[in-house]
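Structure first, commentary second.
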């Protein structure tokens, strides 16, 4: 077991810098008690201060880990992400009174990840019977059965292929009579489900998370948003290239809502997202690039392909690529529900 | 039971591991059925928050809408044009036997007959829903007696008729009433035929042109009066001629009412029509092709597969003979197009949500493996299926 030692910049464990933040007891850290852990990159285990990691620590820490996982191409990135989600669900040991809560995105980026998750399900390795899902957003005013609504997307690309209970699949209703009440109810449902264990998201070309467009409050909650022109342009391809057909408003979880999740995983693939990724992790926290807020989340993973790293510093990319042997321990071995774990 | 209040509580069945014909293509999708109708599973998931009660694995087969035969004169020893005391059981026998060929709805056809036959037989063939007892009866197809002498084919000459001065009354008197009638085939060159066509169309009866020597102009006029179908294209009509295509010219006529096109029946067994001619018609107007058997009573005896073995052959034949005609086109010609002809395309001939769950399970050679009516298994192939 590697030893932790202090350096000028904080704790150094196996060459990985771990920043220590002031404990925020009401925020979700690891574990539902929201505290008391030291996470070691290389050990990839969560230990309690009582010493299950073998470390003798007497202070309470809330430790942040930012992982940048870089795979060669889209398919490998999708697979890595799916394996990670699979392992997280299985290791959680979900059951009758213990549901794993998952936040889910839409768009072209996560399609590969969904396909792999469906594959694991069809192989009998992964069941969603005790998983609750909360989608990030939905268009306002688009009929639920419109082929481009996010309900349709989730049904066709995910729900219809797996064994999730329909009562546990939550998506905002963009046709509700009182939209703000719908948003408040959504927040309440998340709370009642015990908060989100893993929120999976994407990034827009303008650096937005969900529909939190540039200029959104970084402590925002689920609400109605007007879409930025960048987003409308990016979405036009789903509406036959006709800008007038693209919805202009949407209900979306807030940046604060996602920050409340115990863990966040952002999928970023493609060269057109490269600049947004650069702004999100190499520049400061800035409400014009709302994904940058996750620099302050205790546990974030960015999963990308090579193309998405094109605007990053060579040094950054080399550093995180050098850690792939550590990252891969999170997905290898790939667990299965088959052996009755 | 179809639809209605109780349907919401009926069990939901999900047919998996299959390819379904939808929107003109074979899609890798599951077919969901409840209460005798095709169900929208997305709506079930998000609105009712329910999953399937039962899943049935279709072994990778094709699921197509049940076939609809709009021209069948009998089969298995039964002749619909016979004035027997118990026409009903004859119809029932045929209805049951054609299930094994994937036909879920049909129009019993009567050839040219004396008045007494019509008066006796017609009231005994009511419109009837299909089920385990047999395919559904959509209504009777009356082929004759108002047809051309020269093109009567196998119809008895003695009983041919032409319209008298009060043409529509003449029709009513001949048939004894139009209650169970769905299609009437007549020759439009007969005097007063246009007013008859108009009157029949106004009653919702489909008028078909056949056994006729009409030229293209007369045929177009008939369509403008309401005719929508051609009975067995190429047979019993003038051959296509480049200066006057005759009835065949309706396939590409530009003088049809806007937004409407003509349907044409084809017996695609390679015998009634040369496959090359079939291909010409199909390429000229693919959306109008309706596969029919025009089966006669003798068929089905001895070789039990012949009757709609014809249809199978047709379907096979269509795909084998008509290069560029896909499986999907062939299946639509046997299901969707006849439904459209009869104005039933919302309920029959389709696997769209809300339609009646009448469908067939086919293997890749388009042999029927199972037939369903209203979501209920009404026939399946002999070897044990799980």
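Some values worked out for this structure:
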| quantity | calculated |
| --- | --- |
| Selection status of residue B:343, in a loop (DSSP other than H, G, I, E, B) and at pLDDT 50 or above | yes |
| Residue ranges of strands (runs of 3 or more DSSP E) in the stretch B:1-120 with at least 1 members touching a strand residue (DSSP E or B) at 6+ places or on another chain (Cβ under 9 Å) and either within 14 Å of chain A (Cβ to nearest Cβ) or farther than 30 Å from residue B:145 by Cα (or both) | B:12-16, B:19-22, B:25-27, B:31-34, B:54-57, B:62-65 |
| Residue check, residue A:183 touching a helix residue (DSSP H, G or I) at 6+ places or on another chain (Cβ under 9 Å), more than 27 Å from residue B:39 (Cα to Cα) and part of a helix (DSSP H, G or I) | no |
| Complete set of residues in the stretch B:273-285 that are surrounded by fewer than 17 Cβ atoms within 10 Å (Cβ to Cβ) and closer than 19 Å to residue B:341 by Cβ | B:284 |
| Meets criteria (without any contact (Cβ under 8 Å) to a residue 24 or more places away in the chain and either part of a helix (DSSP H, G or I) or within 19 Å of the chain's Cα centre (by Cα) (or both)) for residue A:318 | yes |
| Matching residues, the stretch A:150-175, being assigned to a loop (DSSP other than H, G, I, E, B) and facing chain B (nearest Cβ under 10 Å) | A:163, A:164, A:165, A:171, A:173 |
| Matching residues in the stretch A:135-149 - criterion: being more than 14 Å from chain B (Cβ to nearest Cβ) and either under 10 Å from residue A:247 (Cα atoms) or touching a helix residue (DSSP H, G or I) at 6+ places or on another chain (Cβ under 6 Å) (or both) | A:139, A:140, A:141 |
| Selected residue (criterion: farthest from the chain's Cα centre (by Cα)) from residues of the stretch A:188-205 that are surrounded by 18 or more Cβ atoms within 10 Å (Cβ to Cβ) and over 16 Å from residue A:108 (Cβ atoms) | A:190 |
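The values are calculated or read from the model by the stated rules, or taken from the named source; none is laboratory data. Quantities reported herein were computed from a predicted structural model and do not represent experimental measurements. With ideal geometry, Cβ positions are generated from the backbone for all residues, glycine too; neighbour counts draw on all protein chains shown.
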